[in-house]
Amino acid sequence: MSYQLSSKILLGGCLLLVSSLASAGITLGSTRVVLSAPAKEASVLVKNQASQDIMIQSWIEDEGATGKQDVPFAITPALSRLGGNKQQNLRILYYGQGLPTDKESLFRLNVQEIPQKAKSENTLQIALRQRIKFFYRPAGLPGKVEDAPAALKWRLTGKGLEVSNTSAFHVSFGRVKFISAGKSYDVDADMAAPGSTLELGIKNFPGNTSGSRKVEFETINDYGGVDKHTSELAN
């Protein structure tokens, strides 16, 4: 096979892959879902932006799970056909038992497109999955979720930057920066669970600077928006 022919085949495969990705139609109406007790259910909107009908499969799994797990939730419909350019609500129902009542619990909501049978044998099909955070928030938790980021305790240690979350709520981070002697350093941070203490790495920080030190960080709220905060170090 000539180099020119091989290049054409490779280019065709890439174009086919891009075409498949472009035709994938499912999008979700939010980047996270919160079920706040005493409510027994929450919902999320699923949109099919493609012109053809698709099948979608939905399920909830524990945070960090690699497959489907037994969780105290049911989704309806768990499997459905969604018409082209149509939308529908997924209802998430809580069985009413089995979860802590003194803090939030975190799960993952998965919504996956199931490709229809290809019309041609030489068609590459990709099953795309949307995976977002799903929080169960019991009633009567102390404090307010919007106050949780400001209550974080930050401390510089020999290993990096330590953050303690004493609240009953998860705090999801956006960008986090450590400011020392007027210089800014990026910090690796994802999320602080209720009652957790995390050791975070500070990128390119020499560790021997003096002067004022603080943390500037972003958090993601219930609506997917970004809130900005500044905090002094505890030490």
*Where the centre of each part is set by its Cα atoms, how far does region 165-235 sit from region 129-154, in angstrom?*
16
*Given that compact globular proteins tend to follow 2.2 N^0.38 Å, what is the ratio of the alpha-carbon Rg of region 25-100 to that value?*
1.19
*Any idea how far apart Asp227 and Asn85 come out in nm if each label point goes 7 Å out from Cα toward Cβ?*
4.0
*Accessible area, 1.4 Å probe, largest first: how do Ile75, Ile56 sort?*
Ile75, Ile56
*asked:* What figure, in Å² to the nearest 10, do you get for the accessible area of Leu45 with a 1.4 Å probe and non-protein molecules left out?
replied: 50
*Going down the table (Lys153/Lys177; Lys40/Lys153; Lys103/Lys144; Lys177/Lys228; Lys183/Lys203), which pairs top 21 Å between alpha carbons?*
Lys40/Lys153
*Give the long-range amide H neighbours of Ser80: residues separated by 5 or more places, or on another chain, with amide H under 5 Å away, using H modelled in the peptide plane at 1.01 Å from N.*
Ile56
_Solvent exposure ordering (accessible area, 1.4 Å, most first) of Trp59, Trp154_ = Trp59, Trp154
*Would you mind calculating the gained length between Ile114 and Thr27 on full extension (0.36 nm times residue separation, minus the Cα-Cα distance), in nm to one decimal?*
29.9 nm
*When the Karplus curve 6.51 cos²θ - 1.76 cosθ + 1.60 is applied with θ = phi - 60°, which whole-Hz ³J(HN,Hα) does each residue of region 38-49 get, with x for Gly and Pro?*
x, 4, 9, 8, 9, 9, 9, 8, 10, 10, 9, 8
*So what are the radius of gyration and Dmax for the Cα set of region 87-235, in Å?*
20.2, 67
*Name the long-range amide H neighbours of Leu128: under 5 Å, sequence gap of 5 or more, or other chain; modelled H, no Pro or chain starts.*
Glu113
*Sort Asp188, Asp53 by accessible area with a 1.4 Å probe, largest first.*
Asp188, Asp53
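The values are calculated or read from the model by the stated rules, or taken from the named source; none is laboratory data. Treat the numbers as computed from the prediction; the structure is a model and nothing was measured. Cβ: placed from backbone, ideal geometry, glycine included. Neighbour counts: every protein chain shown. For the accessible areas, the whole protein counts, side chains as well, though only heavy atoms, and no ligand, DNA or RNA atoms are used. Shrake-Rupley method; radii C 1.70, N 1.55, O 1.52, S 1.80 Å.
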